[in-house]
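The values are calculated or read from the model by the stated rules, or taken from the named source; none is laboratory data. Small disclaimer: the values here were computed from a predicted structure and weren't measured. Cβ sites come from the backbone with ideal geometry, for glycine too, and all protein chains shown count toward neighbours. With ligands, DNA and RNA removed, areas are computed over all heavy atoms of the protein, side chains included. Shrake-Rupley method; radii C 1.70, N 1.55, O 1.52, S 1.80 Å.
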Amino acid sequence: MELTDSVDKLPGVGPAVAKLLQRLKVRTISDLIHYYPRRYDDYSNVIPIAKLHPGSVTVRGVIKQITGRYVRRGLHITEAVASDETGSIRLVWFNQPYRASQFKKDSEYYFSGDYQLSNRRFSILNPASEQVSSFPVNTARIVPIYKETKGLTSHKIRSIIKATLPYIRDLPESLPDWMVDEQSLLSYSQSIEQIHFPASSDKLKQATKRLGFDEVVELTLAALLNKQTIKHDASLAIAFDKKLATTFVSKLPFELTDDQRRAVWQIYQDMQAVSPMNRLLEGDVGSGKTVVAAMSALMVLKQGLQVALMAPTEILARQHYQTIAKLLQPLGLDHTVGLLVGSQKGKEKSLMHQRIESGEVKFIIGTHALIAEKVTMHKLGLVIIDEQHRFGVDERKKLLAKAGHAPHTLIMTATPIPRSLALTLFGDLDISLLKSKPKNRKAIKTELVPPSSRPKIIDIIKKAVINGHQVYIVCPLVDESAVVPAVSAEKLYEQLHTRDLKGLRVGLLHGQMPSDDKERVMSEFANAKLDVLVCTTVIEVGVDVPNASIMMIESPERFGLAQLHQLRGRIGRSDIQSYCYVMMSDAHAPSQRLRAFTQTQDGFKLSEYDLHLRGPGAIYGTSQHGELDLTFTRLTDVKAISNAREYAQRFIDKGCKLVQYPVLNERVSKLRAVTNLN
């Protein structure tokens, strides 16, 4: 058999089990081998029965007696007594009648489970059992626990994976021998086997280290090879005009921060080269990325080339259009800015297509409408993608393809990413950071509020509206749930606009509303036609409403730390003092996570803290379909990440060829396809 063969070729895997495995995205033998455990239960310490203490235990013994009975309708109990040379222990299984005929007389078995007091007697409840052998799978070892599906337990998955051991042990080495030797790593095949069936906690640690090393090497190689390819592409060099840049800055109604000046200068230097710029502009919420984008476009427009900016939502595209046109107006360039969004109809859209194709519109701002087949660019020099993790790779590639050559690319994100992660994930991009906020911005006062203080906060909201300010109230759910105990937007909206805030203009916004309705409500709030907006995280990446000075976040424990920070970034966008009230669901002491949220407004510090809490995980958003999820790499382990990156660079410097390492080549090729935008 081959690794690419279907899992139903394995013993014990018929059509029914194969169908269940498909639910877990396991179709081939290779998929199964790389279906890693999500956690482990340690049953490796086999204890003499006489020395048992309450807790998770494993014993080795012979069944001396076993009986089964129904104690009431729907409840069957199987009781057994197992003995070793030191004593005997009671075993109890609930609703597992097959246990009574499972054990062979005078054969030794391992039993692993929870040893506790039950009906005034100590027993091992619902123990896993397995006949003693040289290679136990479900007991007497560190036992892997997998993500399961109905009808397919970890017990069954372990037995199926055991059948793949001959294939696992025959896996070729994925890394060069010199890399494995210098780092004293387990071989690739040993690592995969130890991940599924660890011989000890030390072996599991070694396997995790090895596969984590592989993950970072693979990601880094993909990024570095993409960067090499980009450098060989030809782009249009954009000359720097100092007078134009100085004039633009002098006419701004505010002063640029040092971070903004630095980022713009880096972008200008990049675009002067004949190889395309590929830069990430990473700015904390409210750090002023839009003005950097506008200033970056200046030199491109001066050369008669076009700039395309793609935003994830129509309302955000409209806001960028208004802001950028206003910024370029003092230079007489506002007439060159055009908007292209899905809601435009017939003649209006057709006319915009013509103006773009002719080159009359030079700065095109829009949504997915920019990548429609009908849109033909005249001569595209710069592509700006806002909140790039919200677009799929294919969508980004379509936009870049409109140029007909390799345009300069600026990717903007308001999601703070720790440097260790940014270097790993965005190794093919040069990175500019905007950490400081405009000088007139005041720190948002953030306060944890107990449920008993709700009436007080409602009064604060009323006074703020009377004084001409606007308010966001954010809920984790759209409607009520019997499963999730949290505040819903629809129920709270009903309560507020009919009772607590009656007389105020209260709006409702959530992701399940039709797109036109969402755009309409957000537009009404942005234009001060609503006083209070009850919403879900649909506003996480939203428009700039400087007049919004208060946010109340309901059921904050339902949100991630980074998400809370993004939400809070919707207020505090002017010189008005803003307040964020975190409304606790109960009177219990808040978590460390929520305390951290109230104590700092530095998104980069919060993201580092969030990584410590979450450990490994998805790093590039759902649009990449899990291709870039990290399973073994702890993103806060900067030393390990730097070490693996260094070896990836040495692989390239030594002139090593990927084709010599099929496993590595396959993985790196996939990653290159996912991350490469050209």
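For the peptides 642-650, 569-577, 302-310, what is the packing order when you average, over each peptide's residues, the other Cβ atoms within 10 Å and list the highest mean first?
302-310, 569-577, 642-650
Ratio of the stretch 450-599's C-alpha Rg to 2.2 N^0.38 Å, to two decimals?
Normalised Rg, Cα atoms only: 0.97.
What is the extension gain from residue 673 to residue 81, computed as 0.36 nm multiplied by their sequence separation minus the C-alpha to C-alpha distance, in nm to one decimal?
Stretched out fully, the residue 673 to residue 81 stretch lengthens by 207.3 nm.
Using DSSP to define loop residues, name the GluC sites (Glu not before Pro) in the stretch 471-571 whose beta-carbon has at most 16 other beta-carbon atoms within 10 Å.
Sparse-neighbourhood loop GluC sites (Glu not before Pro): 480.
If I model the stretch 76-213 as equal point scatterers sitting on the Cα atoms and use the Debye formula, what is log10 I(q)/I(0) at q = 0.08, 0.11, 0.14, 0.21 Å⁻¹?
These q points yield log10 I(q)/I(0) values of -0.31, -0.55, -0.79, -1.30.
Report the one residue of 453, 474, 498 whose Cα lies farthest in the direction of the positive end of the charge dipole of the stretch 425-563 (charges on C-beta: Lys and Arg +1, Asp and Glu -1; origin at the Cα centre).
Looking along the dipole axis, the top candidate is 453.
Measuring with a 1.4 Å probe in the full set of protein chains, what accessible area per residue, in whole Å², belongs to the chain?
So the chain comes to 46 Å² accessible per residue, rounded to a whole number.
Taking the Cα centre of the chain as origin, sum charge times position over the Cβ atoms of Lys and Arg (+1) and Asp and Glu (-1), and report the length of that vector in debye to the nearest 20.
Dipole magnitude for the chain comes out near 940 debye.
Can you give me the three principal axis dimensions of the stretch 220-333 from its C-alpha atoms, in Å, biggest first?
43, 32, 27
How high is the FRET efficiency from residue 247 to residue 334, r the C-beta distance, R0 22 Å, rounded to 0.05?
0.90
I'd like the trypsin sites (Lys or Arg not before Pro) in the stretch 68-163 restricted to DSSP loop residues with at most 16 other Cβ atoms within 10 Å, sorted by number.
Qualifying residues, ordered by number: 73, 104, 105, 120, 147, 150.
For residue 184 and residue 39, FRET efficiency with R0 = 30 Å and r from the beta-carbon atoms, rounded to 0.05?
According to the calculation, E is roughly 0.70.
Could you please state how large a percent of the accessible area of the chain is carbon and sulfur, counting protein chains only and using a 1.4 Å probe?
After summing per-atom areas, the C and S share lands at 50 percent.
Residues of the stretch 115-133 with backbone nitrogen within less than 18 Å of a virtual label 7 Å along the Cα-to-Cβ line of residue 72, please, listed as ranges.
Flagged as within label range: 118-120.
In the chain, how does Rg compare with the Kirkwood Rh, expressed as the Rg/Rh ratio over alpha carbon atoms?
Radius of gyration relative to Kirkwood radius: 1.04.
Over all distinct alpha-carbon pairs, what is the Kirkwood Rh of the stretch 140-182 in angstrom?
13.0 Å
Once ligands and nucleic acids are excluded and a 1.4 Å probe is used, how much of residue 38 is accessible, expressed in Å² to the nearest 10?
150 Å²
Rank these residues by their accessible area, most exposed first, probe 1.4 Å: 533, 351.
Listed by decreasing accessible area, they come as 351, 533.
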